[in-house]
Amino acid sequence: MMKNMKKLIPYFLLAILFVIALVVKQYRSRQSEEVNSPSVQNESETNNTREDKQDSLDIFREADAKYFFTKHARCRMACRKITQLEIKEIVRKADVNYSKSELDATRGPKYALEGYTSKDKQHIRVIVAPTQRHLSIVTVIDLDEDWTCSSC
């Protein structure tokens, strides 16, 4: 009898782990439903959303913000003859194109900032990923001219 019980212990443990896995799965699905479920917003919630968007734009307008240019962004800037000063100018203007932005990106929000450079009036889009330490410039796109860039 004891030998039979010892043989059944691993099966009992597997059954317990299976039940725990099911409970965790249900808990996670409820969590995601709560996050993704549409909720009715009242006027104060709408105002808070607008304020949140405005607050998120303030980071782009800070004069002493630190910038980090990715290798890809530097390459694209060189191909398109765009300087770091021009990028900083566009970022400070902060005209956000929300349809091209990825605010729900898994590694953090990415904003598509668009404007014209003051030097040569290039219409450019700068993809910026704000971090706690700096503004990461991901890439730069010329919206009016299609540049060939073999090195990027």
Among the residues of region 74-106, which ones are assigned to a helix (DSSP H, G or I), in contact with a Leu (Cβ under 7 Å, 6 or more places away or on another chain) and over 21 Å from Trp147 (Cα atoms)? Val91
All conditions in (1) more than 16 Å from Phe60 (Cβ to Cβ); (2) within 9 Å of the chain's Cα centre (by Cα); (3) not aliphatic (A, V, I, L, M) are true of Gln122 except (2)
The correct count of residues that are closer than 20 Å to His72 by Cα, in a loop (DSSP other than H, G, I, E, B) and either open to solvent by 70 Å² or more (accessible area, probe 1.4 Å) or small (Gly, Ala, Ser) (or both) in region 107-133 is 3
Filter region 69-99 down to the residues that are open to solvent by 40 Å² or more (accessible area, probe 1.4 Å) and closer than 12 Å to Ile141 by Cα and list them by number. His72, Arg74, Arg76, Ala78, Lys81
Would you please name the residue that is farthest from His72 (Cα to Cα), looking only at residues in region 134-143 that are surrounded by 17 or more Cβ atoms within 10 Å (Cβ to Cβ) and in contact with a Phe, Trp or Tyr (Cβ under 7 Å, 6 or more places away or on another chain)? Leu135
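The values are calculated or read from the model by the stated rules, or taken from the named source; none is laboratory data. Keep in mind the model is a prediction, meaning the values are calculated, not measured. Cβ atoms come from the backbone with ideal geometry, glycine included; neighbour counts cover every protein chain shown. For accessibility, only protein heavy atoms count, side chains too; no ligands or nucleic acids. Shrake-Rupley method; radii C 1.70, N 1.55, O 1.52, S 1.80 Å.
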